[in-house]
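Working notes, structure below.
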Amino acid sequence: MAAQFVHLNVHSDLSMQDSLIRPGQLFEAVAAEGGKAVGLADLGNMHAAVKAYNLGKKHRVKPLTGYQAAVRFEEFDSPAPVILYAANERGYLNLLKIASLAFEHQEAEHPVIPFSVLQQHAGGVLLLCGGRDGAIGRLLLAGEADAARDLLERIKSTFTDGAYIELQRVGHPDDERFNSAAVALSKATATPCVATNVVRFLSPEDYESHLIRVAIARKVTAESLAEQDPYHCTPHQYLKSADEMAALFADLPAAVENTVRFAQRCNFHLKQGKYYLPDYPPARDAGVSEEDFLRRQAAEGLAERLEQLARISPGYFDEAKVKEYQERLKYELDIIIQMGFPGYFLIVMEFIQWSKDNDIPVGPGRGSGAGSLVAYALKITDLDPLQYDLLFERFLNPERVSMPDFDVDFCMDRRDEVIEHTADMYGHRAVGQIVTFGTMAARAVVRDVARALGHPYRVGDRIAKLIPGEPGTKLADAMGPETDLQALADSDGAMRRLLEHALKLEGLTRHTGRHAGGIVIAPGGIDGFSPTMCDPGGEHLAAQYDKSDVEKTGLVKFDYLGLRTLTIVHMALQSLNREREAKGLPPLHPEEIPLDCPKAIALLQTCETTAVFQLESSGMKNLIRRIVPENFEEMIALVALFRPGPLGSGMVDNFVNRKHGREEVEFIIPASRDKRVSSLLEPILTNTYGVILYQEQVMMAAQVLGGYSLGQADILRRAMGKKNPEEMEKQKSVFVDGCTANGISQDISSEIFTLIEKFAGYGFNKSHSAAYALVSYQTLWLKAHHPDHFMAAVMSSAMEKTDKTVGFIHESHRMGLQVLRPSINQSRGHFQVEQAGIRYGLRAAKGIGDKYVESMLAERDANGPFKDLADLLVRTNPGKTVLKAAIYAGALDDFELPRWVLLSQVALAQVTARDQLKKSVPLDHAAETVRQVLASASLESDAWTRATTLANEYSTLGLFLSGHPLDEYAQEVRPLISGQLRDYVVSDIDGEDSAEPDDETAEGRKLASKKRQERPAVIAAQLVTVDIRQGRRGKFAYAKLDDGTGQIEAAFFGKALTSNIQHLVQGALVVIKGHIRFNERTDSQQLVVREMQGLLDLRESQLAFIRLLAGPDFDSAAVTRVREVIESASMGGTRVYVKISKGGRQQERQVSKRSIRITDAVLGQLRDQFGEQGVELVYRGGGQFGTDDASTLQRDHRDQELKEVGDMTRNARHQALWAALNQAELVMNKGRP
């Protein structure tokens, strides 16, 4: 008879520190072995409990729900482990409490529970004493048998459902000494023993990978871990079979048998599939049911909405239309109440209304929730679903029970206030976030394993860079046949070993995080449904179960997401409404912005969409040019089309060609084949020119053709999205039967189903597209009608991102808006609108500081503007750093003194002012004393050059505001470059929003954006920072470039550095040739340099001649003046020509046979005579640089990285292979005029 045994000491990878075992692998392995049960007790958390329970049911292996606790006993300095299991439902609820309380009592960020607290939650819990490392084990090994017996009796008196002594044989030298003493104690106290193995990996072959996993968690090498703690990880800690465990404890068979009896005592059943919501307080306080409260609120809200819509569209809402809305409202309410979700709608309604009442911006909707009229009536959403054919069943399907899920966008800066309000309303133990898990991704795990194996960081980093950086890339995919990574593994044993371990560790859980916006609201406390975790002191509560598992236990997730664009719209309208109030006009609210504005659409059609939500990338602008949207409905389509699926499927081409009459509009099939089908589909597909663009269109097509209810059609839509062949066959049969019953032939029905299925794979949720198109339209409208208020808000939102601010300032200039310097008497914290332009915000200046800005503004608002430096000092007492930053930024130009003079006065003025303040003299007297001291002092300082002024400005603002060092060379560099940085750098004002991706949208756009940005570029810019570093294989460098339109990091490697190092000087003006790529290290774009020349050096070497443009008044005296300039200049290689326009004829001739060296001084003299536009610099070959193929540039860079890996691993074959690759060089076109 085969032995029977149940493992009771198993960790999964969700223990984070010491296990390779994924829960699914554990239950598969136990089932394959014929095991009947297994216990999973992770260290310090219960993250895997629900997953393990359901996996056990799936594999017909009884899951034992456990938790390994670190218990603080008074007898010991450090916590001791115990393993706890739920014997029944009471025990499970107590485990939830214990796992939660351990976080509240955490020590050094590790969950710990005092034994006194543990004793209060022992009911229904079975306890294992922790083996050799537990409290009992420590006492027995210390020879304190009596103390061990006393402690065991205390434990047994608390855990009356069962306490067990744990015996282990894992290769530790103290195993047998402990086991002998433990068996004796067991007999003396009638306490059962159980045999356990400390299971941390599945098979013996995984031992070394496990050792590396622990080393990574401890941030040491595997070798040092083995030396310092040789018995923490042993080769015996694998999932041994029942026969192996029986043989191992052949002398103690009862300990093996007791594991089976232990498992039989665990009979906990997890309740799933039912949802629990807290009572809605206002309904409870009013003494009415939530159902009645919801109906009343919805009816009142709809009446208010219809009144508002009637004002916007007079004559549209006749009696029949009102009845249509009322019937839809009743239909939705009946379903919501029937499905038991009135409380959910009321809870969402309340926190959204509270946000609006407290001036916190809330989005108009997001996701499928925008399809609900009840949500619109309750002001949860702000988009009329009937007007845009949005379907309720796409949100809440009466034929498929699932929770509704409103995703709500809030202002990024104030989202936490809404969460805090929710906690105040329902209880702080009832409201919390949801855990997420970070895993060991392909690139990161390679770096980690390399470090654990003792390799230098550079080795792991270079290997990691051979793995494609696209999200979701697996290491196995990167090691396919003929790949660089596989070639490296084949040619080097050390690298092969590294990659083999990385493959085993990839995907394991590394750490926890918090869901971007997910919040749970529980009836009572969260720990009645899920264990919780928190920061020290109990702050920031979160459920230990992830999003999927927390919903299985019955808790409902609410999404509080952050969208920075809402803050921009809010700030712009606040600024605008202050202006409107001054003019006696009523305030403007977002929902009042008309959606049929020709001016806004005209701006869209010209692609002037920089800073417009979702519409500012170069790819989106290209799509706008192709589509030329004419109304808001086409903006909705634009948002839906700009995704990898439609872009790659030909759907966009169909849409564009049909819109512009280049392709016939067909409604799935030609009308010539079946006019009835076309007539049925035409109302559904007209707005998208016959293209099935939205999921809602799939549902409506199934309804009108196949007789589906919208609930059934939603199930069809989901099936088409999942592409399950068996399910699709069933659905096809139902669809065809429905169509034939509707008089459509079987052949055409079958063909229609196939075509719909194809389009459905790319179909997008129109509710989400419409809601986000509304936000896009609001920003577009503001830019069209109130560009100053809009751009001020945009720049305020990006104050911490200088590179973005530069681009937005340039866009403001392009729009004809002036961005005014910071002003101590005019600026506020943010950018703001003035009559003359947009005033720079003081908080955007580095060194001034938010606290000083706040206190200074309070003083200025209370007592008026500052008269001079003395007045400022005595009234606000700023520090030296603040004053220096304010002077550099130009904020003290108000005092009408040169900046260098103000700086020279600071030290003396500060000392005098502070001395006066100590004497408590009146402020006006103190200021006058400062003025007198400054007037009598002899302060000497050199005047600043323009370059110094700009450099100082840059050091504080992070950009050049009053000018740019390149300004005087603007015309000169234009023929030399491929574009300006604004043409390459994507601004993406919402790049950091917490909004989650809807299907492939966000990730797809990000990936597509990365690929589009990998392109050659020639840029003229200033090197504003230079950082030359020494690596293991030589020097490399990073520099920040600024050309006045944007900023970007430039990277110099290998030859690009060595051949250009003389030009790598901070402040240098250069022309750089290379390619733009997305850099994952900085999560931003980067210019990888191939060639660089100083601007003046380039002028000298490549300038062919100068052309002077002269009018009819160009006489002999003018010729003489030009020749004087030429004769006084140094000899060089540039000739000077004059082009004379006279009498409709043009003549060009050389002024002098002398060729000269062109310097700034020479150009200045010529421009003084001919004007800025009258001096043309003509470069050889027109000044155009050659353009390399982007893929060649990228290949060369990857090859160079692989070569360096080969060098470091001393692999001769690889060195030879990659050294032989052809390196493409960028060369200038040569030519003569």
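The values are calculated or read from the model by the stated rules, or taken from the named source; none is laboratory data. Because the structure is a prediction, the values reported are computed rather than measured. All Cβ positions, glycine included, derive from the backbone under ideal geometry; neighbour counts span all protein chains shown.
For segment 507-540, a residue qualifies if it is of a type in the set (D, E, K, R) and either assigned to a helix (DSSP H, G or I) or at pLDDT 95 or above (or both), and exactly one does: Asp527. For segment 478-489, state whether one or more residues are in a loop (DSSP other than H, G, I, E, B) and closer than 30 Å to Asn94 by Cα. Within segment 478-489 (the criterion being in a loop (DSSP other than H, G, I, E, B) and closer than 30 Å to Asn94 by Cα), the answer is no, since none of the residues qualifies.
In segment 375-472, counting only helices (runs of 4 or more DSSP H) that sit wholly within it, the ones holding 2 or more residues that are farther than 30 Å from Asn1079 by Cβ span 415-426. Do we find that Leu693 is on the phi < 0 side of the Ramachandran plot and touching a Pro at 6+ places or on another chain (Cβ under 8 Å) in this structure? Judged against the criteria, Leu693 is a match.
With respect to the conditions (1) among the small types (Gly, Ala, Ser); (2) over 30 Å from Phe558 (Cβ atoms); (3) outside the structural domain of Leu84 (by TED's automatic domain parsing), Ser289 lacks only one, and its number is (2). Of the residues that make up segment 116-131, is at least one among the β-branched types (Val, Ile, Thr) and touching a Ser or Thr at 6+ places or on another chain (Cβ under 9 Å)? Scanning segment 116-131 turns up no residue that is among the β-branched types (Val, Ile, Thr) and touching a Ser or Thr at 6+ places or on another chain (Cβ under 9 Å). Candidates Val1178, Val1125, Val1136: the one that is on the phi < 0 side of the Ramachandran plot, in contact with a helix residue (DSSP H, G or I) (Cβ under 7 Å, 6 or more places away or on another chain) and part of a strand (DSSP E or B) is Val1136. The residue of segment 31-49 that is nearest to Cys266 (Cα to Cα), among those that are buried (at least 24 other Cβ atoms within 10 Å of the Cβ) and of a type in the set (A, V, I, L, M, F, W, C), is Val38. The residues on offer are Glu290, Glu324, Glu332, Glu350, and the sole one that is in contact (Cβ under 8 Å) with a residue 12 or more places away in the chain, acidic (Asp, Glu) and either under 22 Å from Glu399 (Cα atoms) or in contact with a strand residue (DSSP E or B) (Cβ under 9 Å, 6 or more places away or on another chain) (or both) is Glu332.
For segment 1082-1128, a residue qualifies if it is more than 59 Å from the chain's Cα centre (by Cα), farther than 29 Å from Val1071 by Cβ and among the small types (Gly, Ala, Ser), and the qualifying residues are Ser1116, Ala1117, Ala1118. Filtering segment 76-111 to residues that are exposed (fewer than 15 other Cβ atoms within 10 Å of the Cβ) and among the acidic types (Asp, Glu) leaves Asp77, Glu89, Glu107, Glu109.
Look at (1) surrounded by fewer than 23 Cβ atoms within 10 Å (Cβ to Cβ); (2) more than 28 Å from the chain's Cα centre (by Cα) and you find that Gly469 fails only one, number (2).
Residues of segment 391-444 that are closer than 30 Å to Ser709 by Cα, surrounded by fewer than 17 Cβ atoms within 10 Å (Cβ to Cβ) and of a type in the set (Val, Ile, Thr): Val401 alone.
Residue by residue, here is whether (1) at pLDDT below 95; (2) within 30 Å of Ile337 (Cβ to Cβ); (3) assigned by TED's automatic domain parsing to the domain that holds Ala52; (4) outside any helix (DSSP H, G or I) holds:
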position	(1), (2), (3), (4)
Ala217	yes, no, yes, no
Glu227	yes, no, yes, no
Tyr231	yes, no, yes, yes
Ala247	no, no, yes, no
Arg261	no, no, yes, no
Pro282	yes, yes, no, no
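The criterion of at least 1 residues that are free of Cβ contacts under 8 Å to residues at least 60 places away in the same chain is met, among helices (runs of 4 or more DSSP H) falling completely within segment 702-802, by 710-722, 725-741, 746-760, 787-797. The set of residues in segment 235-258 being crowded, with 17+ Cβ neighbours inside 10 Å and not small (Gly, Ala, Ser) consists of His236, Gln237, Tyr238, Leu239, Lys240, Met245, Leu248, Phe249, Leu252, Val256, Glu257, Asn258. A single entry from Ile526, Ile521 fulfils the requirement of being in contact with a Phe, Trp or Tyr (Cβ under 7 Å, 6 or more places away or on another chain) and in contact (Cβ under 8 Å) with a residue 24 or more places away in the chain: Ile521. From the list Phe759, Phe735, Phe753, the lone residue that is more than 40 Å from the chain's Cα centre (by Cα) and either under 15 Å from Leu716 (Cα atoms) or not charged (D, E, K, R) (or both) is Phe735.
Selection of segment 1132-1151 for residues being at pLDDT below 85 and surrounded by fewer than 16 Cβ atoms within 10 Å (Cβ to Cβ) yields Gly1132, Gly1133, Ser1141, Lys1142, Gly1143, Gly1144, Arg1145, Gln1146, Gln1147, Glu1148, Arg1149, Gln1150. Put simply, of Ala862, Ala870 the only residue that is crowded, with 20+ Cβ neighbours inside 10 Å and either in a strand (DSSP E or B) or of a type in the set (A, V, I, L, M) (or both) is Ala870. Consider segment 573-594 and keep the residues that are of a type in the set (A, V, I, L, M, F, W, C) and under 30 Å from the mean Cα position of the chain (by Cα). The one that is surrounded by the most Cβ atoms within 10 Å (Cβ to Cβ) is Leu573.
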